[in-house]
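Okay, structure first, notes after.
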Amino acid sequence: AAKVNGRNQFKYWDAQLNDQFHRRILIEKHLKKAIENNEFTLYYQPQINQLTSKIIGLESLIRWENPELGFVMPGEFIPIAEESDLIIDIGNWVLREACHFNKQLQLDGVPPLRIAVNLSTKQFLDPALKDNIKMILEESQLDPQYLELEITESMTIEVEISIRTLRSLKKLGLSIAMDDFGTGYSSLSNLKEFPIDILKIDQSFVNGMTSSLVNSSIVKTIIAMSKSLDLDVIAEGVEDKETLKMLNEYGCSIVQGYYFSRPIAANKVREAYYEIMSKHFSEGLQG
Ligand code: C2E
Ligand code: MG
Ligand code: MG
Ligand code: MG
């Protein structure tokens, strides 16, 4: 019986692998046409200063809807795009879209916000990145101080190259955030050499901080560390009021997460700017 069972197990596993492989091929195929078919959009998740309940920035998050595949989340298709050069085109599309959108918001009279754009590893290592960004900034007329690039620790394994790349990007006048901080393995001594501006505490620590002493200690440590390195700190993945309070006690006032807002469509950002402020003030967040 064990033998039969084993074989069925294998067949099941084999079929599953085959499905995964098939989906991957499909995603790759459709990704190639996604830009020209206008299948991407950007959503924007507010970053809030909890002391004022004001949005201070927006993180742009790509969304993909394909007629055959439906919605595919970036966690699934970005790694696939990373394996080809498609990610470069997608990355440039995101940068262009985000910068133009942010400029338009300002023209519409919304107080200036910083827009954060996630970079992929290939994009970060692409020698043409700086010129592409420069061109996009010129063409969108966005003041570079309102553009922030998000990188991750895993992109900065080549320390010397990373420092040089970051320095050169920063000459454009933009700012740099280290995303998902705490999940990688950048050493403290490297971190202090990187010309970055912001640490984003990974949501896995923030999410569990009210129920896990280990997580809350990690969050506390990262906040303290960012203070001593003179970096701003953002907590991502804030889903409830208890977490918010705890972060406040630890000295982290900039937060991002479902508690304030999910990522929202471009045409909802303007009203969200005013809604979040009035909603949370009336709830007595200050008290
Ligand atoms: P990320 O940059 O760390 O973005 C945060 C992710 O956490 C987003 O998922 C966001 O929707 C989600 N999130 C925000 N607040 C909460 C919360 O309170 N609870 C929970 N459970 N989740 C929260 P999303 O949009 O699915 O993006 C996943 C990842 O895909 C991003 O992680 C980023 O690494 C990548 N990504 C997204 N857009 C782009 C892009 O334009 N370019 C590149 N290269 N990568 C992107
Ligand atoms: Mg990010
Ligand atoms: Mg993150
Ligand atoms: Mg992430």
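Data table
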read-out	value
Estimated distance in nm for a label pair at GLN145 and ASP19, the labels positioned 7 Å out from Cα along Cα-to-Cβ	5.3
Helix-only [θ]222 nm of the chain, DSSP H runs n ≥ 4, -39500 (n - 2.57) each, per residue, nearest 500	-15500 deg cm²/dmol
Percent of Cα pairs exceeding the 31 Å cut-off, where the set is the chain	34
GNM flexibility winner over the chain from VAL219, VAL159, VAL94 (Cα, springs under 10 Å)	VAL159
Distance from the stretch 169-187 to the stretch 189-219 (C-alpha centre basis), Å	13
Filter on LYS32/LYS171; LYS103/LYS170; LYS32/LYS130 - keep pairs with C-alpha separation over 28 Å	LYS32/LYS171
Cα gyration tensor category, rounded, prolate or oblate, for the stretch 124-181 with a/c compared to 1.5	prolate
Pairwise FRET efficiency - SER154 versus SER189, Cβ, R0 = 22 Å, nearest 0.05	0.80
Max mean-square fluctuation residue, GNM over the chain, Cα-Cα springs under 10 Å, options LEU119, LEU166, LEU107	LEU107
Computed Rg/Rh of the stretch 1-131, alpha carbon atoms with Kirkwood Rh	1.15
Helical segments meeting 30 Å axial Cα length and Kyte-Doolittle -0.5 threshold in the chain (DSSP H)	86-107
Global form of the stretch 35-87, assessed from the alpha-carbon gyration tensor, a/c cut-off 1.5	prolate
Inter-label distance for LYS29 and MET277, nm, one decimal - labels placed 7 Å from Cα along Cα-to-Cβ	5.0
Value of relative contact order over the chain, rounded to a whole percent, pairs C-alpha under 8 Å and six or more apart	18
Global geometry of the stretch 216-286, whether rounded, prolate or oblate, following the gyration tensor of its Cα atoms and the 1.5 cut on a/c	prolate
Cβ-based net charge around PHE77, under 15 Å, with every Lys or Arg adding one and every Asp or Glu removing one	-2
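FYI, it's all coordinate maths here, none of it is from the lab. Worth saying up front: this structure is predicted, and the values here are computed from it rather than measured. Here Cβ is always computed from backbone atoms with ideal geometry, including for glycine, and neighbour counts include all displayed protein chains.
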